[in-house]
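Heads up: the structure comes next, in structure tokens.
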Amino acid sequence: MKAIVVRDQAAGTAGMTLVERPEPPAAINDVVVRVHASGFVPTEMEWPSTWTDRAGRDRTPSVPGHEVAGVVAALGYGTTGLSVGQRVFGLTDWYRDGTLAEYVAVEARNLAPLPGDVDFTVGASLPISGLTAWQGLFEHGRLQAGQTVVVHGAAGAVGTMVTQLAREFGAYVIGTGRAADRQKTLDFGAREFIDLENEALEDAGSVDLVFDVIGGDVQRRSAGLIRAGGTLVSVVGPTEVRPADGVAVDFVVESDRAQLGEIVQRVRDGRLRTNIDTVATLDNAVAALNPTERRKGKTIIHVRP
């Protein structure tokens, strides 16, 4: 099969190459998915799991990409809940070869059924962005109707999901980003926008929840916005500061079949819109994943029709 591999952490995405690899076998409780579309997150190149296994041993050359939409091609021994020929989507294990390939082996529990009226390209754009937003808002942020939420990077793939879900559940959303992101952020449902380069973050006032995908100085200043009992949620590693009378949570997104079902149903009925910027073929994936311009949403690799 064709697959994208990486060998050199220092080279990052520039070190990607398209190679021929053996098709993966289906281990116990696995399914092999015939990949139709794959999602990729640029920060994967910084994750230890891209380069080493759980014991810290080198596992390169490794296949990146952990979001998949495709069709079940084979079942491993003991695998239940899915069937050969079924359309699926989901989030694959960080420490295993990923989805920038024609086939990928995935634990069955990490996949959910993909309804026939949802395109594979859309399905591959949902797992990381959608689950990160869902878990950050509801599991870690304990969002309640009527609360005020600041969403950093609100025009990005995660930020647009956070904004839409928070609005649906009755929150007042203030999005942040660069000046060029203002209209897009408002179009996805934010009530206000703060240009982090030219406007004061502190103008947001006191808020109940900050969802941070940026870190650094923005995160440190965000802690001062949070009112008593509020939460700073981070997906960029352990927080350096904590709200004076609130909590700070950093988390790593996890696959969850039920939550994937909630997310895809919202796409089907129009409550959620995806934020896809670029779609490229596997043959052109290396160039697409090394863009010369700033990304404005998800990059999806179309592996087969």
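The values are calculated or read from the model by the stated rules, or taken from the named source; none is laboratory data. Since the structure is predicted, the reported quantities are computational estimates derived from the model, not experimental observations. Note that we place each Cβ from the backbone using ideal geometry, even for glycine, and neighbour counts take in every protein chain shown. The accessibility values were calculated without ligands, DNA or RNA, using every heavy atom of the protein model including side chains. Shrake-Rupley method; radii C 1.70, N 1.55, O 1.52, S 1.80 Å.
How many angstrom separate the Cα center of the range 147-193 from the Cα center of the range 224-253?
After rounding, the separation between the Cα centres reads 18 Å.
For the pair Thr80 and Arg191, how long in nm is the line joining their label points, each one 7 Å along Cα→Cβ?
4.7 nm
To the nearest 10 degrees, how steeply does helix 257-268 sit against the main Cα axis of the chain, on a 0 to 90 scale?
Taking the Cα atoms of the chain, the angle to 257-268 is about 80 degrees.
If you fit an axis through the alpha-carbon atoms of helix 157-168 and take the longest principal axis of the Cα set of the chain, what angle between them do you get, 0 to 90°, nearest 10?
Helix 157-168 sits roughly 60 degrees off the main axis of the chain.
With every protein chain kept in place and ligands, DNA and RNA left out, what is the accessible area per residue of the chain? Probe 1.4 Å, answer in Å².
Per-residue value: 42 Å².
For the range 55-214, with all protein chains present and a 1.4 Å probe, just round the carbon and sulfur fraction of the accessible area to a whole percent.
Here it works out to 46 percent.
Which FRET efficiency, nearest 0.05, do Ala287 and Asp93 yield, Cβ-Cβ r, R0 25 Å?
Using R0 = 25 Å, I get an efficiency of 0.40.
So, counting K/R as plus one and D/E as minus one, what does the shell of residues with Cβ under 12 Å around Ala14 add up to?
0
Would you tell me the accessible area of Arg227, worked out with a 1.4 angstrom probe on the heavy atoms of the protein chains, in Å² to the nearest 10?
Only protein atoms counted, so the area is about 90 Å².
Count charges around Phe120 for me, please; just the other residues with Cβ under 14 Å from its Cβ, Lys/Arg as +1, Asp/Glu as -1.
0
About its Cα centre, how strong a charge dipole does the range 1-145 have in debye, to the nearest 20, once Lys and Arg get +1 and Asp and Glu get -1 at the Cβ?
I would put it at about 140 debye.
Let me check something: with ligands and nucleic acids excluded, how do Arg191, Arg266, Arg273, Arg295 order by accessible area (1.4 Å probe), largest to smallest?
Listed by decreasing accessible area, they come as Arg191, Arg273, Arg295, Arg266.
So how far apart, in nm, are the two label points at Ala55 and Arg242 if each is 7 Å from Cα heading toward Cβ?
About 3.7 nm, to one decimal.
What percent does the relative contact order of the range 39-113 come to when contacts are Cα pairs within less than 8 Å and at least six residues apart?
31 percent
Mind listing the long-range amide H neighbours of Val41? Cut-off is under 5 Å, sequence gap 5 or more, other chains count too, H placed in the peptide plane at 1.01 Å from N.
Close amide H contacts, sequence-distant or interchain: Gly65, His66.
Of (1) 28, 26, 19; (2) 33, 20, 18; (3) 44, 38, 16, which one was derived for semi-axes √(5λ) of the Cα gyration tensor in Å from the structure shown?
For semi-axes √(5λ) of the Cα gyration tensor in Å, the calculated option is (2).
Once fully extended, how much extra length lies between Met1 and Asp203, figured as 0.36 nm per residue of separation less the alpha-carbon to alpha-carbon distance?
Gain on stretching Met1 to Asp203: 67.4 nm.
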